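Report on one structure; see the data block that follows.
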Amino acid sequence: MDSITGAATAAASSADLGTVQGAAAVSVLKKALNLQASSAAQLINALPQPALATSGAIGTQVNRYA
């Protein structure tokens with residue numbers, strides 16, 4: 001957890017949800033978590049896909065009876 005999300009979590013957990021300040025803290029926390037989720041998804045999608053094996057004994061045959 002980075003410092004922004006940590007600070008937002010601390011503010012949201014200590015704020016009274018019935019107040020405007022509490023609602024704003026929860027809103028900031030949700031935005032921070034959504035930003036982190038989006039960043040993580042972009043990093044995962046940026047990973048190269050490994051090529052499938054086309055020759056050799058490993059990765060080219062499947063034992064259907066196992």
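The values are calculated or read from the model by the stated rules, or taken from the named source; none is laboratory data. For clarity, every value in this text was computed on a predicted model and none was experimentally measured. Note that each Cβ is placed from the backbone with ideal geometry, even for glycine, and that neighbours are counted across all protein chains shown.
What to note about this one:
- Taking every residue in segment 43-58 that is assigned to a loop (DSSP other than H, G, I, E, B) and pairing it with any residue that is β-branched (Val, Ile, Thr), at least 6 positions away or on another chain, the pairs with Cβ-Cβ distances below 6 Å are 53/60.
This table checks each residue for (1) surrounded by 10 or more Cβ atoms within 10 Å (Cβ to Cβ); (2) more than 21 Å from residue 6 (Cβ to Cβ); (3) at pLDDT 90 or above.
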residue	(1), (2), (3)
26	yes, no, no
29	yes, no, no
34	yes, no, yes
37	yes, no, yes
42	no, yes, yes
48	no, yes, no
52	no, yes, no
56	no, yes, no
60	yes, yes, no
